[in-house]
Amino acid sequence: MTWDIFCSVIDNFGDIGVTWRLARQLSDEHAIPVRLWVDDLPAFQHIRPEIDPALPTQHLAGVEIRHWTTPLPAADPGEVVIEALACHLPEEFIARMAARQSAPAWLNLEYLSAEDWVAGVHGLPSPHPRLPLTKHFFMPGYAANSGGLTRERWLTSRRDAFQADAAARTAFLANLGLPVPQAGELLVSLFSYENQALPSLLQAWAAGGEAVRILLPVGRALPEIAAWFGQTAPAAGAVWRRGALTLHILPMLDQDAYDRLLWACDLNFVRGEDSFVRAQFAARPLVWQTYVQDDGAHFAKLEAFLALYCTGMDAQLAELTRTLWRAWNHETEMTTLWPPLRKALPALSAHARAWDAQLAAHTDLATNLLNFCRKWLK
Ligand code: TRH
């Protein structure tokens, strides 16, 4: 049974990051022929350099990738159609779906949230007002009665092997032009949006008593950071130093290499949706910057996740985590928060491992999707 997944890139890389990961897993682990429709191939190329933005059709890792243009190229809808992350299917495609002998399973794959209402909406039908089609909400989430998280079967074993192998870590870092980590040095990846708290954090790292090496992929935080270092022409490959802080600007890595970067670091700053989930799967301490929504809904998302993540944590550690993540998201001064965070990293690492083990015990999103569609299509 063929599946069509539609991805419209609103901005950045999360929309394509999430849909690509799912498409690849469905093909790889479930042998499903997947057709991924993407309206912004250059964005895709950032996380998978093999993508050729000029091609209307191409294949990668067993997935057929189609350039989603207007009008949509001719194609018969598959048995499952997923409109991902608030995109809207082209009307002509919906008409083709309705013209099929049996209606496809049509799913609205939503953004991830830890909020309570998610489980209540998961699986709800939304009948088309005119056509004999029903769309269902499919909600990723942390609860057992949600759609779950996209997690490959290989994840735990590959990650654990990598994290247990110091030589693999060193080789990976060397490949990025980075030196062998020294004893006592802290390795931190920093993937964030613009953030007014950045200068205070950089200041705390520079003034700390211990070496901190920051790995910064090129992107939205770069101008603010360059300004703090008094640099005017930031580019991948640059290395800037101040006090105990050394900062390396990395090129955008392909998605699998970015996973490894998260596995390799002692602490990861992540953002949006996909890097956030992958940092949880890295089983290392993390700090999340939410994707800002105009109505402030991102703060509710932050609090809902914190409530879950801090459950069972030692009270002081939970308080520190909440204070720190709130400061990062409300973009307030963080200088005084760094020393306690640094001290708490071993305890936070243990918590991150336990959290990951909890997540690994849930059924993954691709399997949940498959089970849902089988029921609907039978
Ligand atoms: O890029 P993001 O901010 O993406 C989004 C979008 O803005 C989207 O519209 C919004 O709705 C969503 O966030 C919540 O952050 P995210 O989700 O972490 O996606 C980044 C992707 O880029 C992820 O798949 C990891 C990948 N990536 C690489 O492949 N290489 C890299 O070097 C880095 C830094 C990231």
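The values are calculated or read from the model by the stated rules, or taken from the named source; none is laboratory data. Computed from a predicted structure; not experimentally measured. When we count neighbours, we look across all protein chains shown, and the Cβ atoms used for this are built from the backbone with ideal geometry, even at glycine. Side chains included, ligands, DNA and RNA excluded: accessible areas come from the protein's heavy atoms. Shrake-Rupley method; radii C 1.70, N 1.55, O 1.52, S 1.80 Å.
What is the calculated FRET efficiency for Gln293 to Thr332, with r their C-beta to C-beta distance and R₀ = 22 Å, to the nearest 0.05? For Gln293 and Thr332, the calculated efficiency is 0.70.
Calculated [222 nm] ellipticity per residue, helices only, for the chain: -13000 deg cm²/dmol; basis is -39500 (n - 2.57) per DSSP H run with n ≥ 4, divided by all residues, nearest 500.
The separation of region 98-147 from region 239-303, counted between C-alpha centres, amounts to 29 Å.
Note that the chain shows a convex hull volume over its alpha carbon atoms of 143 Å³ per residue.
Share of carbon and sulfur in the accessible area of region 32-134 stands at 56%, probe radius 1.4 Å. Calculated FRET efficiency, Arg130 to Lys378, Cβ-Cβ distance, R0 = 22 Å: about 0.30 to the nearest 0.05. Per residue, region 267-378 exposes 44 Å² of accessible surface when a 1.4 Å probe is rolled over the protein heavy atoms with every protein chain present.
Among the lysines of the chain, pairs that are 8 or more positions apart or on different chains and have alpha carbons within less than 29 Å of each other number 4. Coupling constants for region 32-49 follow from the phi torsions by the Karplus curve (6.51 cos²θ - 1.76 cosθ + 1.60, θ = phi - 60°), and in residue order they are 8, x, 10, 10, 9, 9, 10, 8, 9, 6, x, 5, 4, 4, 4, 9, 9, x Hz; glycine and proline get x. With all projection directions averaged, the alpha carbon convex hull of region 16-103 covers 5.8 nm².
Ligands, DNA and RNA left out, the accessible area of region 194-313 computed with a 1.4 Å probe is 53% carbon and sulfur.
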